[in-house]
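Trainee: The structure's right below; bear with me while I get my questions together.
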Amino acid sequence: MPDFNSIQNVYTPDRKLSPVEILRAIKFSIAAEFEAIQLYQQIMENTNNKKVIAALSEITEDEKKHAGGLYKLLEILAPEDEKIYQAGAEEILEEISK
């Protein structure tokens, strides 16, 4: 979850991010997108206000696209990790097909 209560969490360094820092930032961003999706879904489940539901439904779809785009970027920047993720997916598929 983004933590904006400390200046250290939003401070911009005087240098560019290293490749490892970029990967960490992208992973953090993916987690933040999923957290936003969860929050919006909880709000929608707990209201009868059709305007709120309609607006958050649209926003939720956008967040899912953002998560997908960030994941694709992660896949491009870290293909070795993608192989591990795919191996995990294959293990699950094998397990649930039993």
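None of the figures in this text is laboratory data; all of them are computed from the coordinates on show. Just so you know, these numbers come straight off a predicted model, no measurement behind them. Positions of Cβ are generated from backbone atoms using ideal geometry, with glycine treated the same way; all protein chains shown enter the neighbour counts.
Trainee: Tell me the relative contact order for the chain as a rounded percent, counting alpha carbon contacts under 8 Å between residues six or more apart.
Mentor: Once normalised by length, the contact order is 28 percent.
Trainee: Still on this structure: If you take the charge dipole of the chain about its Cα centre, with +1 on Lys and Arg Cβ and -1 on Asp and Glu Cβ, which of Q86, T47, F28 is farthest toward its positive end?
Mentor: Farthest towards the positive pole: T47.
Trainee: What FRET efficiency comes out for the pair D81/E58, r = Cβ-Cβ distance, R0 = 35 Å, nearest 0.05? Don't skip to the answer; put the middle values down first.
Mentor: Details: r = 31 Å, r/R0 = 0.90.
Efficiency at R0 = 35 Å is approximately 0.65.
Trainee: Can you give the helix-only mean residue ellipticity at 222 nm for the chain, where every DSSP H stretch with n ≥ 4 adds -39500 (n - 2.57) and the sum goes over all residues, rounded to the nearest 500 deg cm²/dmol?
Mentor: Value at 222 nm, helices only: -27000 deg cm²/dmol.
Trainee: Suppose the chain between K51 and F34 were pulled fully straight at 0.36 nm per residue; how much longer would it get relative to their current alpha carbon spacing?
Mentor: 3.9 nm
Trainee: Please work out which option in (i) 52, 45, 19; (ii) 33, 25, 22; (iii) 68, 23, 20 gives Cα extents along the principal axes in Å calculated from these coordinates, and answer with its label.
Mentor: Calculated Cα extents along the principal axes in Å: the matching label is (i).
Trainee: Let me ask something else about it. From the phi angles alone, apply the Karplus equation (6.51, -1.76, 1.60; θ = phi - 60°) to the stretch 91-98 and give each ³J(HN,Hα) in whole Hz, x where the residue is Gly or Pro.
Mentor: 4, 5, 4, 5, 5, 7, 7, 6
Trainee: Further question on the same structure: If you plug each phi of the stretch 23-38 into the Karplus form 6.51 cos²θ - 1.76 cosθ + 1.60 with θ = phi - 60°, what whole-Hz ³J(HN,Hα) values come out, in order, with x for Gly and Pro?
Mentor: Once rounded to whole Hz, the list reads 4, 4, 5, 5, 4, 4, 5, 4, 4, 5, 5, 5, 5, 4, 4, 4.
Trainee: Cα gyration tensor of the stretch 43-98, axes a ≥ b ≥ c as square roots of the eigenvalues: rounded (a/c below 1.5), prolate (a/b > b/c) or oblate?
Mentor: Verdict is oblate for the stretch 43-98.
Trainee: Could you give me the ³J(HN,Hα) list for the stretch 63-80, computed from phi with Karplus coefficients 6.51, -1.76, 1.60 and θ = phi - 60°, whole Hz, x at Gly and Pro?
Mentor: 4, 5, 5, 4, 4, x, x, 5, 5, 4, 4, 4, 4, 5, 7, 9, x, 5
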